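A short worksheet on the structure shown next.
The values are calculated or read from the model by the stated rules, or taken from the named source; none is laboratory data. Source: prediction; values computed, not measured. No Cβ is skipped: glycine too gets one built from the backbone with ideal geometry, and neighbour counts run over all protein chains shown. These accessible areas exclude ligands, DNA and RNA; they are computed on the full protein's heavy atoms, side chains included. Shrake-Rupley method; radii C 1.70, N 1.55, O 1.52, S 1.80 Å.
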Amino acid sequence: MLGEDAVLECQKVPDTSLDALEVRWFTTNPGSPVHLYTGGQDRAEVQDGAYRGRTELFREEFPRGNASLKLKSVNLSDAGMYTCSISTSTSRQQEELRLQVEGFGLRPRIRLEESTTQGVRVVCMSDGWFPKPEIRWLDGSGQDVTARSDTLFTEDSSGLITVHSHIDVTSDSVNRYSCYIRSKRLRKTQKAHLQISDMFINKVNEFNIWLPIFWVFAGLVVTAAAFNIMIHRYEDRSIQELQLFCTLEGYDDMDIEYVSVTLDVETAHPRLEVSEDREGVRNIGIERSLPDTGKRFTYWSSLLGSKGFTSGRHYWEVEVAGSRGWCLGVAAESVDRKVTVKLTPETGVWSLERSGDRFYVNGLPESNLPIRPIPGRVGVYLSYESGRVSFYDADTKSFLYSFIGNTFTEKLYPFFATWDINHLLRICQVPLCALK
């Protein structure tokens, strides 16, 4: 598997101690070895540079004739033929073996988009595959509808393949779709499901019914232009609702917990003032003298939520209207709260930030997002097992950004920061399900 360690097995038969022999592993050129042991020591200075620091022999197994090679952090370029050569002063024995490298991609991301020809389009994407995988679509009745789909495979700079497949939802379509992406070599499958509410299917149907009528009467009725605008806005609003409700990983079999978040006062920076109900926070611009709880942020104007998560899918919303300086997301329990280290996923924070009229995500490099209109309420979504942190404009019910492909191993907490003096950030306790 790509990124894992591989053991290339080689055994001297009959068993002979290798301590006084030469063990040479190579691909095409014996003079540029993958690994060389001779004269009682490893010879890293003659090793092929692509393998330097990534190989080792099992020296404790030498008395039993085990010349196997451990190759660390396998990449795509490592695939191919390898030769194990064992030599004495008078003889040489060698055998070949083939290393195959497989990239098993990430769990697919499934969402809805507006179609240029139909009402909506179900899109399934996944990256990190090698070689090219198989893709299959099933509808809610279990029927294979792959023939209705269009699929594009693209290769990144490292040789890994991204899958982008879509299928159009028509007025007579069922409302559940499953996307399966399968590795033929490993016989393993990644899958994602999407359930579209009947309410939204009906909205798309209404649009598809009225659109031809509109064009028939467009030349006769003066109000047709206004009707056209109304219909398109109606569909756009449906699409935005679908993006919020269905891009939360496609409404698969797991439930989303609509979290009742409160703030942990003991983590708050001395410039932050937390409301009595622990649902609001403001930056007062003055650093107060507060006891060191051991959990308090002392450099960043930040604080955490009271409850952390080690599993499951969770969603909460924060009122940010009027504030021009804030940062929202999740933070690992171990995040450093005392020093000036940059808050990034590498240091345990996944966040969306507003600074003036600009928006950023805190990846490396920092990314500037063209977000319009400016949200007054931001939704934060955490899926622990799939390693996803997403952000939504809760006013327009539209998607903003996702951190994906993370591997979470410790407790994560809601994260808040504000530096816009006296502007309140407030947690909204209205559950998302009330909007359905």
Label-point separation, Gln100 to Thr298 (7 Å along Cα→Cβ), nm: 5.7
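Using the per-residue mean of other Cβ atoms lying within 10 Å as a proxy for protection, in what order, highest first, do the peptides 261-269, 73-81, 131-139 fall?
Ranking the peptides 261-269, 73-81, 131-139 by packing returns 261-269, 131-139, 73-81.
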Cleavage-rule hits (GluC sites (Glu not before Pro)) in the stretch 1-44: DSSP loop, at most 14 neighbouring Cβ within 10 angstrom: Glu4, Glu9
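Subtracting the Cα-Cα distance from 0.36 nm times the residue separation, let me have the gained length for Lys307 to Cys428 in nm, one decimal. Don't skip to the end; give the middle numbers.
Values: separation 121, 0.36 × 121 = 43.56 nm, distance 1.56 nm.
Extra length available between Lys307 and Cys428 comes to 42.0 nm.
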Dipole-positive endmost among Ile86, Asn75, Thr16 within the stretch 1-120 (Cβ charges, Cα centre): Asn75
Residue-count net charge about Cys84 - beta-carbon cut-off 14 Å; Lys, Arg +1, Asp, Glu -1: 0
Student exercise, the stretch 97-153 dipole from Lys, Arg, Asp, Glu Cβ charges, in Debye to nearest 20: 160
Local net charge near Pro270, Cβ-Cβ under 14 Å (Lys/Arg +1, Asp/Glu -1): +3
Student exercise, the stretch 1-150 dipole from Lys, Arg, Asp, Glu Cβ charges, in Debye to nearest 20: 140
Reciprocal of mean inverse Cα separation for the stretch 1-60 (Kirkwood radius, Å): 12.7
Extension gain from Phe58 to Leu290, taking 0.36 nm per residue of separation minus the Cα-Cα distance: 77.9 nm
Dipole in debye (nearest 20) - the stretch 267-352, about Cα centre, beta carbon charges: Lys, Arg +1; Asp, Glu -1: 200
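Let me check I've understood the local charge: for Gly39, count other residues with C-beta under 15 angstrom from its C-beta, Lys and Arg +1, Asp and Glu -1. What total comes out?
My count for the surroundings of Gly39 gives -1.
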Span from the the stretch 344-408 Cα centroid across to the the stretch 64-83 one, whole angstrom: 40
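When averaged across all projection directions, what area in nm² does the alpha-carbon convex hull of the stretch 300-349 cover?
Mean projected area for the stretch 300-349: 4.5 nm², to one decimal.
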Within straight-line cross-link reach of Lys338, lysines at Cα separation under 26 Å, skipping those fewer than 8 residues along the same chain: Lys295, Lys307, Lys411
Whole-percent carbon and sulfur share, accessible surface of the stretch 1-147, 1.4 Å: 45
By average C-beta atoms within 10 angstrom, highest first, the peptides 153-161, 292-300: 292-300, 153-161
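Arranged from highest to lowest average of other beta-carbon atoms within 10 Å per residue, in what order do the peptides 103-109, 395-401 appear? Display every interim value, and only then the final one.
Details: 103-109: 20.0, 395-401: 17.7.
Ranking, from highest mean packing down: 103-109, 395-401.
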